[in-house]
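Down below is the structure, laid out as structure tokens.
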Amino acid sequence: PDQYAVFGDPISHSKSPKIHQLFAEQTQQLVQYTAQLVPAEQFTVAADIFFAQGGKGLNCTIPLKELAWAYAQHKTRRAQLSGAVNTLALQDDGSVLGENTDGVGLITDLINNHGISLQNRRILILGAGGASRGIIEPILSQAPRQLLIANRTVDKAVELAKIFSVVGEVDSCGYTDLCGEQFDVIINATSTSLSGQLPPLPGNVLAKNSCCYDLAYSNQPTAFVYWGLAHGAEKSLDGLGMLVEQAAEAFYLWRKLRPATAAVIALMNAQRG
Ligand code: ATR
């Protein structure tokens, strides 16, 4: 079988091997996909060894996405802008292409699985780290009415808005500036959910028929998912669907086949503790 893997640290709870195994069975592809614990300082050597041994493609997760970006010899424009790569694909000429499928995964989950369009809507992104960088360009491609990035360290939001101004209009602010504003979709791209914390949001920032989306996921609803439900969001979702959809996009890049995702998402949901 062709070899694929996900590198990350930590990695033991990764759902990617299961998801790709299901994709491979469904599309009848001979694919082996493993998870490897790779600390940041070992990334380059581990990736070199993986490809030297015939590996065809890698997924890279926390904390390796910026390193994978630097490792890729070519990058799509999307990946280039985002400064982070979650998918590496060996090309026919032996070079390695870097792509970021996170943003497309998010948009596909919102539109196809939840019927939530971003077009002409007011979008708020919380956080200005790597997770935010990966989703801004795909969100702008949906032609929102407004895209605002709020961050605790305001300078980082200003910097991101500047980088992506070549793609479309992006504004930036701090959390206190959100008072009196309302949004249709709020996306949590901070790392707060990992520690059960919340970004310091004012209580009334959700418009009618709004949606909250946490890029993080866990077996229980995240603190931000609970926050959305408590503050009147029509839907408050976590990132499990995005995880499956970004994997489908990586699978497509590698195998040129698009797996169906609904049954895989249903299964992953059923396997939550
Ligand atoms: P990632 O790659 O997951 O985005 P990161 O680059 O470390 O990780 O970014 C983490 C994001 O979560 C940042 O936007 C961070 O805000 P700062 O830039 O001000 O540090 C945000 N974050 C982390 N803890 C937070 C908290 N308790 N409240 C608000 N924002 C928080």
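Can you name every residue in the range 48-65 that is within 13 Å of residue 86 (Cα to Cα) and either away from the ligand (no atom under 16 Å from the Cβ) or buried (at least 18 other Cβ atoms within 10 Å of the Cβ) (or both)? Give the derivation first.
Going through the range 48-65, the residues within 13 Å of residue 86 (Cα to Cα) turn out to be 57-65.
57, 58, 59, 60, 61, 64, 65, listed by residue number.
No other residue among 131, 157, 89, 84 is of a type in the set (A, V, I, L, M), in contact with a Leu (Cβ under 7 Å, 6 or more places away or on another chain) and within 11 Å of the ligand (Cβ to nearest atom) apart from 131.
Just to check your reading of the model, which residue among 89, 84, 70 is surrounded by 22 or more Cβ atoms within 10 Å (Cβ to Cβ) and not assigned by TED's automatic domain parsing to the domain that holds residue 136? Among 89, 84, 70, only 84 is surrounded by 22 or more Cβ atoms within 10 Å (Cβ to Cβ) and not assigned by TED's automatic domain parsing to the domain that holds residue 136. In summary, helices (runs of 4 or more DSSP H) completely within the range 63-113 and bearing 2 or more residues that are within 14 Å of the chain's Cα centre (by Cα) and under 18 Å from residue 191 (Cβ atoms) occur at 65-71, 102-108. Of all residues in the range 177-194, those satisfying the criterion of being in contact (Cβ under 8 Å) with a residue 60 or more places away in the chain and either over 22 Å from residue 155 (Cβ atoms) or away from the ligand (no atom under 14 Å from the Cβ) (or both) are 182, 183, 184, 185. May I ask you to list the residues in the range 206-232 that are crowded, with 20+ Cβ neighbours inside 10 Å and either part of a loop (DSSP other than H, G, I, E, B) or more than 19 Å from the chain's Cα centre (by Cα) (or both)? 206, 210, 215, 216, 217, 222, 227, 228 - these are the residues of the range 206-232 that are crowded, with 20+ Cβ neighbours inside 10 Å and either part of a loop (DSSP other than H, G, I, E, B) or more than 19 Å from the chain's Cα centre (by Cα) (or both). Cβ separations smaller than 7 Å between residues 6+ apart or across chains give the following pairs from the range 195-208 residues that are of a type in the set (Gly, Ala, Ser) to residues that are away from the ligand (no atom under 16 Å from the Cβ) and in a strand (DSSP E or B): 207/122; 207/183; 207/184.
When the range 160-176 is limited to residues that are among the β-branched types (Val, Ile, Thr) and within 20 Å of residue 106 (Cβ to Cβ), the one that is farthest from the ligand (Cβ to nearest atom) turns out to be 167. The set of residues from the range 117-155 being under 17 Å from residue 105 (Cβ atoms), hydroxyl-bearing (Ser, Thr, Tyr) and not in a helix (DSSP H, G or I) comprises 117, 141.
Could you list, in sequence order, the residues of the range 11-44 that are more than 21 Å from the chain's Cα centre (by Cα), part of a loop (DSSP other than H, G, I, E, B) and without any contact (Cβ under 8 Å) to a residue 40 or more places away in the chain? Lay out the reasoning, then the answer.
Narrowing the range 11-44 to residues more than 21 Å from the chain's Cα centre (by Cα): 24-32, 41-42, 44.
Subsequent filtering for residues that are part of a loop (DSSP other than H, G, I, E, B) retains 28-30.
Within the range 11-44, 28, 30 meet the criteria.
Comparison of 190, 222 shows that the only residue that is under 23 Å from residue 104 (Cβ atoms) and touching a Ser or Thr at 6+ places or on another chain (Cβ under 7 Å) is 222. Entry remark, the range 151-190: residues being under 20 Å from residue 225 (Cα atoms) and either within 21 Å of the chain's Cα centre (by Cα) or among the aliphatic types (A, V, I, L, M) (or both) number 11 in total. Any idea which residue in the range 30-51 is nearest to residue 11 (Cα to Cα), counting only those that are touching an Asp or Glu at 6+ places or on another chain (Cβ under 9 Å) and β-branched (Val, Ile, Thr)? Across the range 30-51, the extreme among qualifying residues is 38. Only one entry of 140, 148, 118, 126 meets the criterion of being away from the ligand (no atom under 13 Å from the Cβ) and surrounded by 24 or more Cβ atoms within 10 Å (Cβ to Cβ), and that entry is 118.
The values are calculated or read from the model by the stated rules, or taken from the named source; none is laboratory data. As the structure is a prediction and not an experimental result, all values here were calculated from the model. FYI the Cβ positions are ideal-geometry reconstructions off the backbone, even for glycines, and counts take in every protein chain you see.
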